[in-house]
1. Quick one: which of Ala50, Ala43, Ala84 is modelled with pLDDT of 95 or more and either closer than 24 Å to Ile215 by Cα or exposed (fewer than 14 other Cβ atoms within 10 Å of the Cβ) (or both)?
2. State whether the residues of segment 70-85 include one that is within 24 Å of Val223 (Cβ to Cβ) and touching a helix residue (DSSP H, G or I) at 6+ places or on another chain (Cβ under 9 Å).
3. Has segment 122-131 got any residue that is in a loop (DSSP other than H, G, I, E, B) and within 19 Å of the chain's Cα centre (by Cα)?
4. Could you list all residues from segment 281-303 that are in contact with a Leu (Cβ under 7 Å, 6 or more places away or on another chain) and modelled with pLDDT of 70 or more?
5. Any residue in segment 223-232 that is buried (at least 19 other Cβ atoms within 10 Å of the Cβ) and either modelled with pLDDT of 80 or more or under 28 Å from Ile119 (Cβ atoms) (or both)?
6. Taking Ala71, is it among the small types (Gly, Ala, Ser) and either under 22 Å from Ala240 (Cα atoms) or buried (at least 17 other Cβ atoms within 10 Å of the Cβ) (or both)?
Amino acid sequence: MAAERRPAVGPIAGSDGFAVLLLIVTPVLFAANQLTARVVDGAVPPITLAVGRWTCTFLILLPLVGRPLWAARAELAREWGRLAILGGLGMGLCGAPVYIAGQTTTATNMGLLYALSPILILGLAAAIWRHRITARQALGALLAFAGVIVIVTKGDLGRLLSLSFIPGDLWVLLAVLSWSLYSVLLRLWPSPLPLMVRFAAIVLAGVVVSLPCAIAELMLDGVILGDGPRLTMSAFGYMAFLGLVPGFGAYSCYGKLVALKGPAWAGLMLYLGPLYNGVLGYLLLAEQPGFYHLWGSVLILPGLYFSTARPGV
């Protein structure tokens, strides 16, 4: 397989403007997923919600890439194994576990575990492409991680001493590991398919891989062949919104960012998640922000600058 050419990546101040725009916008789209999960609050079975979300995403993509997707069926057949793995990681194991964990674990624990993802991506990418992690990158990662800790602990670092981890955290950790692998493999396995065609194929693969689990979940809950609660129109509305914004929107932007700058650079957008969650929580859910959001951003933003200082990963 020919080695994929990786574009040079400089500091934010000197990098491509479109990539920087994606780095800023993409976390907003991903934050919509967490905010919606808090609104849903278990009203929809978690695996079913994830499968419904990605089914809606595929239906949105179908009018845009249906013809080229069919025309590329021979290439899709050659790549089916990789597509299934990417779909299982990026749409299956990155989706449902978060909804499952949200029923038991805390937002603090989830925020801390998710903050590990950019570090994991940086380490995996450096190991695969044999790039040395520079002192500036390490400093940037530490600053951004510290900023996330300030936000998720609400400025009270003593909360770290009282944290207790529960089984739900294992689901979050599974999602974090899956996302990290998805991000790296997305770049490691180049494809001749156009970006959106490949994305649609990965989404479809993720739905197919996850569907048996969703059916089993609905049967166990009595939704199918039982007297359990039925899915309401609100449930389908949540699926449609999740499919459009954090599904189609966020993953399309993230895939483009990975293609432009690599997984380690793209993964930095996860550091902005807690900051954006605070802003959107205030605007949409009337949650009051605190000074810890400001202090967290003071650490996160310079961390992002330093973390983008080296080309390649």
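The values are calculated or read from the model by the stated rules, or taken from the named source; none is laboratory data. Fair warning: this is a prediction, and the values are worked out from it, not measured in the lab. Cβ atoms come from the backbone with ideal geometry, glycine included; neighbour counts cover every protein chain shown.
1. Ala84
2. No - not one qualifying residue is present in segment 70-85.
3. No: zero hits.
4. Gly296, Ser297, Leu299, Ile300, Pro302, Gly303
5. no
6. Criteria not met by Ala71.
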